[in-house]
Each structure stands twice: as structure tokens, then as C-alpha cells.
Amino acid sequence: MANITNHSLVADLRLQQMISQEIKLLITDARNLRNTPFLDFVGSINGNGSDTIRVRKAGLDGYDSFQAFTGASGSFQEDTAVGETSLTDGHADIVVKRNALMYKITDLASMTGIGGSDIDPFRIAESISKSYELLFAELTGATVAGFTASVTQAGALTVDDFILAFQQLELASSGKGAPGPYVALLHPEQWQDLQADIRSETNNALAFAPASYEAMSAKGPGYKGSYLGVDIYTSSHITDSAGNHVGALWAPGAIGFATGKPAALVGAAESMDMGDVLIEMDRDATRALTSIVGHCYLGMGVVDSDRGVKLLSLND
Amino acid sequence: MNYKTEAQPWAPQSTHNAQMVLPTRPNYPMFAKWWPANWVWQTFEVTKTVKGVGKAKDKEETTTVGVFVPNVEFETIRPGVNGVRQIRGEIGDVSNRIGQLQREGWIYLDPKRHDYIRAYPARGGQYFADRFTDIRVLANRMIKTFDRNDYNKWCVTLLANGELGHIEPQFWQLLIRDFEKRPDRLIRQQHLPEIKQRIDDLNAQLVAMRQFLNDYKTNGIELYKKVI
């Protein structure tokens, strides 16, 4: 008589493998600065007559000094009429764009799921709503490449470069300086290089304050710590340019974002309002197929280039 | 015909076409721009032939020459970012953005004239890269190698051909002033041989930068022609 082994039971009485109840998540990088003072919400395009919000800028409240009466050859007198000063103004356009993400799932795939947290149209809808955070991170990474000033290092990022970028912000706009606090958004490789250089730093005045558990809870998983009073975050969505990572340092008011949202989805059989994302279910009965479509409307841009500086370093 | 060598319906599908597609998602095209204050110090290996004296053969001598290179950047054209409007799918209308940059003083480099973009087929679209990036696929991973020397030469050629307009050496002066602070930070550790070496290297670069600034005042743009 043969012994009853697991091997002998497979196919009839035992399974070759049993799928886990829990679905482990693959690594994502959706961390972003949405709920920080470093990204300004400039408004919604709903009912505005355009897909673009023009952010108006003006030199007020201490921008212009009182006129000095120092005309040529001392011609200005006590009773000389003052000349008018032209107002300095400008604008930045934030264009809102449609963004979409769709998955399709068959009824059979849905019904064979185990329990409530398995892959089904509702779990997919939840996932789409979280991809909005990823979009935010991507747009922020692309937007910072639009700053004008830059500090470029043809090698790994060093403390010197970081200080130089910091000083550029302090000297921004002909020495007026961008009001802080400052934030740095670096590619993880830039952060590694900076961290390595900070390790060899002996000057106590330049101490690095690593992210504590409490700080990370408050500021999110991308928060790495503070250096020279600059909050440092990392993002893999930092773009590349000419073999360099394009990270950045900036102050509040440098970057703005605008959104839009359909007030109602006319003709939608079933829709879900998930924050800034609208999810719609579409049904193809002849194929037993459900489409889960998410839409959001978002745009981001540099509002004031004087308040930011790019930090470029080698992408190995 | 030898039917054994023909692909049968049950045979594995040829992966030939799949290999032609980069194992990555599509990205966005880009354009090149330059801000006249953005420079970076780069070194070039310059080889010249030294005539042999008498019966001696000619010799090739390689020297390292440092110059300030305009830091030409590539900006992604992504609809919804920095004023780029969506016109067709993920294709953006960049005219607004270029106009804004030119108003601010940026120099825009048209890809049609300067040929710096390459497009490769990717999963579900196209993958754009600059022409200085060599892309290979190994173990289903995309390996990118940036040819910095080629890129630097392109930037210098643009400068020498007058495509980037007038050069303002004042910006180099500012970069030198910033660079002067770098060796100072290491002074306290100069007793360590490797730190001393770094200080020496930084000081040597500082000397070369100052020399370049002086030479430019005498020779002008001709100074760049030896590295092209």
C-alpha cells in the first residue's frame, strides 16, 4: 500500500497552490506635496469660461519705493511735481488637462475573487482614486523643471550645491530673497548623494535633522528630514535633462495648481465621486465586461520663478 | 521545403517584434532651451599632433582643457504642466510655453533645426529621448547611457555658431565667486590626505576657471574652437 502523501493528493484532493487572502501591494511612489504650503491651489476652472486660470501678479505692498528727487543737474525742487510710477505686473497661466485611467474586468474574474478586498470593480475604483496622488507627484516633478535659475553639478549632488541653491533663493529677485520656509524635492539618487556628503560634514552649524517617526506621520513617507531649515522630500518622478536629475528648491508661492470637475455625468449609469476623481462604470453586457473609468482634471505650473531654483546633478 | 524549420501553429510565437519595443511606458517629447545665466564648467580631452624634430616621428599629445559650457536643458512637453495645452491625446501645444520662455529671456532651440530628439517605439506609444542618450535593452531592462562629451560638444558648437547669442562673462565671474567657497569648507580637514587632495583639485579648477576668463577677454569665442 502506498502512503498518503500530499503529492499524491494534488490534483484531486489538494491544491497545487492556494492564493493568499491578502494582496500585497507592489511598491508605488505616489507621495507628493499636495497638502503642504508649497503648492498653491489657484482655483477651479468650473464655470470659468476657460480651461486656463491666469494667475495675476503685481508689485504691491512695498514693491516700489517712494520716488527719490534726484533728477539731472539738481533740477528737482521742493515743489517739483512727482511723476507717476508704472505698476509692475505679470501673469502665469495654469492649464487644466483631462486625465483618464481605465480598467476592464469580466464578471468571471470578479466573481472568483476571495472576499471583499479582492480585485473587483469597487477595489479598482478605489485604486484609480489613489492614482490621483501619483498624477500629482508626476506633475510636480515635471513642473519644477520650469524654474529659471539653476545650480548644476556635473557630478553627484553635494552639500555645496545644496547651499548654493539655498543661497540663490535667499538672494532671489535682486537680493530681495524669497520668503521661506523652503522645500527641496530631490530624486532619490540625489538624496543619496547629498546624504553621503552630509555624512562627511564636520561643521556643527550645518547639522541635518533626520525625519522622526512623528515628522513622517505628519509630512508623509517622502519626507526625509530637514537641512538648513529646508524640508527635504524625495520623488522618483523628478525628470531628467541632459543626463541630469532636475530636482528643485522652492518657497511657497512658486508653484500653483488648478483643478476641474464635472458637475454631473449625464447619461452615466453608475458613477462615484471620489474626491477630485470621478469614477464611472460602463457595462458591456454582451461580453460580461465592466469598464471602470476614472477622470480628473488637473494642471500645474510655475507661478513665480523667482521663488524657485533647479538643482541639477548627475543621473548615473 | 523543410517543414520542420517552419513555425507551426503550436510553436512558440516569435518574440522578434516584442524585442523591437522598449520595455517601458511612453513618455512625452521635449524641447531644448537655454537661460543665458546657466553655465557649467566642463573639461574636454583635446588631442593635437606635435611635429617630431629631425627624424623623430610626429607625436599625439592629449591635454585636458576646461571651458564654461552653456547648460542647455530639455523641458518635457507635458499637457497640463507649465501652460502647455492639450491638443490631441497626450500631445501638447507648446507654443504658449515657448512664447512665455522667450518673453522671459530664454533661448528656444527648435528641434527641426537642431535635431536633438529621437523617438523609439514603447509599450503603447513612443518613448522620446535626446540624441545623446544611447538606449539598449538588456535582461528586459532599459539601459540608458548619456554621452556627456557629445552633448558638451553640441552645446559648445551652438555657442560658437552664434545660436545662443551674445556671451556675458559676468555670469562666469559669479560662478567663480561661488566656487571659491568650496575649498574653504574643507579647510578644517586639510590634515587628511584625501581631503587635501580634494582641496588641491578644487584650487586647480579655480585657477583654470580664472585663466579661462582672462583668456576669453583676449581671444573671445575662438577659445571654444579648440574643444569642438
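All of the numbers you see were taken from the coordinates with simple rules; none came from a lab. These numbers come from a predicted model, not from an experiment. Every residue, glycine among them, receives a Cβ derived from its backbone with ideal geometry; neighbour counts consider all protein chains shown.
Note on the range B:98-155: Cα-only Rg and Dmax are 14.7, 46 Å. With all pairs of separate Cα atoms included, the protein assembly as shown yields a Kirkwood hydrodynamic radius of 27.7 Å. Projected onto planes of every orientation and averaged, the convex hull of the alpha-carbon atoms in the range A:222-266 covers 6.1 nm². Of the beta bridges in the range B:17-165, as assigned by DSSP with both residues counted there, near 95 percent are antiparallel.
Counting every C-alpha pair in the range A:266-307, the share spaced more than 13 angstrom apart comes to 66%.
Kirkwood radius for the range A:120-252, taken over all pairs of different Cα atoms as the inverse mean of 1/r, rounds to 16.1 Å. Is the shape of chain A rounded, prolate or oblate, going by the alpha carbon gyration tensor and its root eigenvalues a ≥ b ≥ c, with a/c under 1.5 for rounded and a/b larger than b/c for prolate? Cα axes put chain A in the oblate bin. Projected onto planes of every orientation and averaged, the convex hull of the alpha-carbon atoms in the range A:1-103 covers 16.6 nm².
Take the Cβ atoms of A:S174 and A:F41, set R0 to 30 Å, and the FRET efficiency comes out at 0.55.
Taking 0.36 nm per residue of separation and subtracting the Cα-Cα distance, full extension of the segment from A:S236 to A:V266 would add 7.0 nm. What the Cα convex hull of the range A:196-316 gives, in volume per residue, is 213 Å³. Taking N as the residue count of the range B:17-165, its C-alpha radius of gyration divided by 2.2 N^0.38 Å amounts to 1.36. Rounded to the nearest 20, the Cβ-based charge dipole of chain B about its Cα centre (Lys and Arg +1, Asp and Glu -1) stands at 280 debye. With contacts taken as Cα pairs under 8 Å and at least 6 residues apart, chain B reaches a relative contact order of 22 percent. When each of B:E61, A:E189 is scored by the number of other beta-carbon atoms lying within 10 Å, the sequence from fewest to most is B:E61, A:E189.
Residue pairs exceeding 31 angstrom between C-alpha atoms, taken from B:K51/B:K225; B:K153/B:K181; B:K48/B:K217; A:K24/A:K104; A:K57/B:K181; A:K224/B:K153: A:K57/B:K181; A:K224/B:K153.
The simple Förster model, with R0 at 30 Å and r as the Cβ-Cβ distance, assigns B:A37 and B:I143 a FRET efficiency of 0.30. Each stretch of four or more DSSP H residues adds -39500 (n - 2.57); spread over every residue of chain A, this sum gives -6000 deg cm²/dmol at 222 nm. Legend: ranking of residues A:K224, A:K219, B:K48, B:K55 from fewest to most surrounding C-beta atoms inside 10 Å; resulting order B:K55, B:K48, A:K219, A:K224.
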